[in-house]
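Each remark here refers to the structure printed beneath this line.
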Amino acid sequence: MSRVWRKLARLIVVLGVMLVAASALALDVPPLTGRIVDLAHVLPADVAALLTSDLETHEAKTSNQVAVLILPSLDGEPLESFSHRVATTWKLGRKGTDNGVLLLIALRERKMRIEVGYGLEGTLTDLRSAHIIRNEIVPRFRAGDLPGGIAAGVHAILGTIEGSYRAEEVPSAHTRTGQEPSTFQYVLVGIFVGVMAGLVLSHGLQYTRALLGSALAFLVAQFASLVLGVVAAGITALLLWLILQTNRGGRGRRGSWGPDFMSGPGGFGGSYSGDIGFSGGGGDFGGGGASGDW
Amino acid sequence: MGKFGITLLSLLMIANLWGCGYNDLQGIDEDTKAAWSEVVNQYQRRADLIPNLVATVKGYAAHEKDTLEGVVQARAQATGIQVTPETLKDPAAFEKFQQAQAGLTSALGRLIAIAENYPNLKADQNFRDLQSQLEGTENRIAVARKRYIDRVAEYNKMVRYFPTNLTAKFLLHLDEKPNFTVADEKTVAKPPEVKF
C-alpha cells in the first residue's frame, strides 16, 4: 500500500516540476485578480485599497477601465510585447470603444509602460503618456517612493482620460462578460442542435444516436475553436445521456441524477457570472502609449 | 427511418453550406484589408513625424549631413510609393513597399544613435517629445504588422485548404496574399550600426 502512495507522490512531484519548467519558458500573463495586481508587493494595503476605489469610481462614471500591474521581473521578455499581451489578454476597456489603460511596472528591470487602448489614443496620446511617466512617476521612483509614484501616475492617467467617455452609453452586460458572444453562440447553438438531433433520433438505438448528437454539436462548435467543439460535444453527450436516463425511468439506480440535471444548467450559467471580481470588458489595444525607465 | 433520413440529410446540408466558407472567406478578406490599412496608416504616421525630428536634430548637429540626408531620402522613397488595396495582390509592389519602409527604419535608427553623442540634443524637450512619439509609432507599427501577419496567415490557409479553396478559386477568384517575410523581420529587428 505504501509503495503505491510513494509512486503517486513521486508522480505528483515530477508533474509539478514539469509544470514549473514549462511556465519558466515564457512569462505568463498573470490572472486579472483586481484593478491593482501587485505581484511584487510594493503597495501598502491602504494605498492599494484607495487606488482601487478611485479606479472603481472612475469606471462607474466614465466606463474607462484602468488597471495596474506591478511585476518583480520581466524574465527577459521585451517590455512592449509583454505589456501588449497582458492588455489584450485582460481585454481592458469596453468592447467597441476600447477604452482601457494598463500601467505596467517591472521592478528588476526598472522599466514601466503605459499601454493605451485604441479608443483613448486621442486623449492619452503617446506624448501625454511619456510626460506622465517622465514628470509624475519617474521623479518619485528615483526618490524611492514607489507607492507615491504609482498613485501619482494613476491619478494623472485618470485626470487625462476623464470626460472622454460617459458611462451612460454602456450596455452593462458588455462590461462584465469577457466572453466573445460569437464564440459562445457557436457553442450554445452546437449544443442545442446536438441535443435536439439526439432527441429526435433517440428512438431505438439510444446511445449511438446520442453519440451522433454530440458529433453534430462538435461540428457546429468547432467553428469557434477545436477545444470548444470538444467541450460542446461533451456537454451534449452528457445532457442526452441524462435525458435518456430520466426518460427510461433509470432513476432507481442513480436517483440523484434527475435533480442534478434540473439544476445543471443553472450551475453552468453561474460559473460565468464573475460579478464579484473585476474583469475586462473586451477592449482592444493597438500598441499606443509610452515606455520609460528610472 | 424516413424522419431520421430527412433530419440527417438537412443537417448535412447545413454543415456543407458552412463548409464551403463563402461568408468566411469574404469576411476574412475584408479583415486582411482592414489590417493592411492599419499598417499603412501607422507607417504614414511615422513619415509625418520625420520633418520635425530632422529639423530638431539639425539645430544641434547640422554637420551630420549624411545621416540627416539619409533620413530625408529614405522618407521620400517610402512616401513616394502609392499604396492601395491592389498592392496586396501584387507581391512585387508589396516587396517594394516593405523594403522602402525597412530602409526608413534603419535610417531613423542611425539618426537616433547619433543623438546619443549630443547631450544638449538629448536633453532638448522637443527632441525627447518627438522621440517618445517615434517610439510609440514604431510600437504601433509592430502591433499592426503582427495583426496583418496573423490575418493573412489565416486568410491564406482558407484559400488553400479544401474545400474552401474551391470557393476561393472558382466563385470569388481570391488569391493568396503576400505577407511580411522573416528576412524582413530580421532587418527591422537588427540594431542600427553605429560608427565613430
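Pairs only if they're at least six apart or on different chains, beta carbon under 8 angstrom, first in segment B:32-45 and within 12 Å of another protein chain (Cβ to nearest Cβ) and farther than 13 Å from B:Lys146 by Cα, second buried (at least 19 other Cβ atoms within 10 Å of the Cβ) and basic (Lys, Arg); list them, first residue then second.
B:Arg45/B:Arg140
Taking the condition in contact with a Leu (Cβ under 9 Å, 6 or more places away or on another chain) and among the aliphatic types (A, V, I, L, M), does B:Ala62 pass?
Details: in contact with a Leu (Cβ under 9 Å, 6 or more places away or on another chain): yes; among the aliphatic types (A, V, I, L, M): yes.
Yes: the conditions hold for B:Ala62.
All but one of (1) open to solvent by 40 Å² or more (accessible area, probe 1.4 Å); (2) more than 20 Å from A:Gly163 (Cβ to Cβ) hold for A:Thr123; state the number of the condition that does not hold.
It is condition (2) that A:Thr123 fails.
Report whether or not B:Gln98 is in contact (Cβ under 8 Å) with a residue 12 or more places away in the chain, open to solvent by less than 70 Å² (accessible area, probe 1.4 Å) and within 15 Å of the chain's Cα centre (by Cα).
Numbers: in contact (Cβ under 8 Å) with a residue 12 or more places away in the chain: yes; open to solvent by less than 70 Å² (accessible area, probe 1.4 Å): yes; within 15 Å of the chain's Cα centre (by Cα): yes.
Here the answer is yes, as B:Gln98 does meet what is asked.
Residue under question is A:Leu55, and the condition is that it be in contact with a Lys or Arg (Cβ under 6 Å, 6 or more places away or on another chain) and under 21 Å from A:Asp145 (Cβ atoms); does it hold?
Considered against the rule, which asks whether it is in contact with a Lys or Arg (Cβ under 6 Å, 6 or more places away or on another chain) and under 21 Å from A:Asp145 (Cβ atoms), A:Leu55 comes out as yes.
Mind counting the residues in segment A:117-148 that are in a helix (DSSP H, G or I) and either in contact with a strand residue (DSSP E or B) (Cβ under 7 Å, 6 or more places away or on another chain) or without any contact (Cβ under 8 Å) to a residue 40 or more places away in the chain (or both)? Outline the logic, then answer.
Residues of segment A:117-148 that are in a helix (DSSP H, G or I), as a first pass: A:118-120, A:126-142, A:146-148.
Checking the rest, the ones that are also either in contact with a strand residue (DSSP E or B) (Cβ under 7 Å, 6 or more places away or on another chain) or without any contact (Cβ under 8 Å) to a residue 40 or more places away in the chain (or both) come to A:118, A:120, A:126, A:128-140, A:148.
Summing the residues that are in a helix (DSSP H, G or I) and either in contact with a strand residue (DSSP E or B) (Cβ under 7 Å, 6 or more places away or on another chain) or without any contact (Cβ under 8 Å) to a residue 40 or more places away in the chain (or both) in segment A:117-148 gives 17.
Being within 12 Å of chain A (Cβ to nearest Cβ), open to solvent by less than 40 Å² (accessible area, probe 1.4 Å) and more than 14 Å from the chain's Cα centre (by Cα) is the filter here, so list the residues in segment B:128-160 that pass it.
Result: B:Asp129, B:Leu130, B:Ser132, B:Leu134, B:Gly136.
Looking at segment A:171-186 only, could you name the residues that are open to solvent by 70 Å² or more (accessible area, probe 1.4 Å) and either among the aromatic types (Phe, Trp, Tyr) or modelled with pLDDT of 70 or more (or both)?
Of everything in segment A:171-186, those that are open to solvent by 70 Å² or more (accessible area, probe 1.4 Å) and either among the aromatic types (Phe, Trp, Tyr) or modelled with pLDDT of 70 or more (or both) turn out to be A:Gln185, A:Tyr186.
Which condition from (1) over 12 Å from the mean Cα position of the chain (by Cα); (2) in a helix (DSSP H, G or I); (3) not aromatic (Phe, Trp, Tyr) is the one that B:Gln82 breaks?
Checking B:Gln82 against (1) over 12 Å from the mean Cα position of the chain (by Cα); (2) in a helix (DSSP H, G or I); (3) not aromatic (Phe, Trp, Tyr), the one that fails is (2).
From the list A:Ser83, A:Ser73, exactly one residue is out of contact with any Gly (no Cβ under 6 Å at 6 or more places or on another chain), open to solvent by less than 40 Å² (accessible area, probe 1.4 Å), closer than 26 Å to A:Asp28 by Cβ and in a helix (DSSP H, G or I). Which is it? Show your work before the answer.
Values: A:Ser73 fails: in a helix (DSSP H, G or I).
Among A:Ser83, A:Ser73, only A:Ser83 is out of contact with any Gly (no Cβ under 6 Å at 6 or more places or on another chain), open to solvent by less than 40 Å² (accessible area, probe 1.4 Å), closer than 26 Å to A:Asp28 by Cβ and in a helix (DSSP H, G or I).
Only one of these is within 23 Å of B:Gly21 (Cα to Cα), at pLDDT below 75 and among the β-branched types (Val, Ile, Thr): A:Val200, A:Val230, A:Val220, A:Val189. Name it.
Only one candidate qualifies: A:Val220.
Which condition number in (1) open to solvent by 50 Å² or more (accessible area, probe 1.4 Å); (2) more than 30 Å from B:Leu174 (Cα to Cα); (3) at pLDDT 90 or above is the one that B:Ala62 fails?
The single condition B:Ala62 does not satisfy is (3).
The values are calculated or read from the model by the stated rules, or taken from the named source; none is laboratory data. All figures in this text were calculated on a predicted structure; none of them were measured in a lab. We place every Cβ from the backbone using ideal geometry, glycine too, and count neighbours over all the protein chains shown. To get the accessible areas, we keep the full protein, side chains included, count just its heavy atoms, and leave off ligands, DNA and RNA. Shrake-Rupley method; radii C 1.70, N 1.55, O 1.52, S 1.80 Å.
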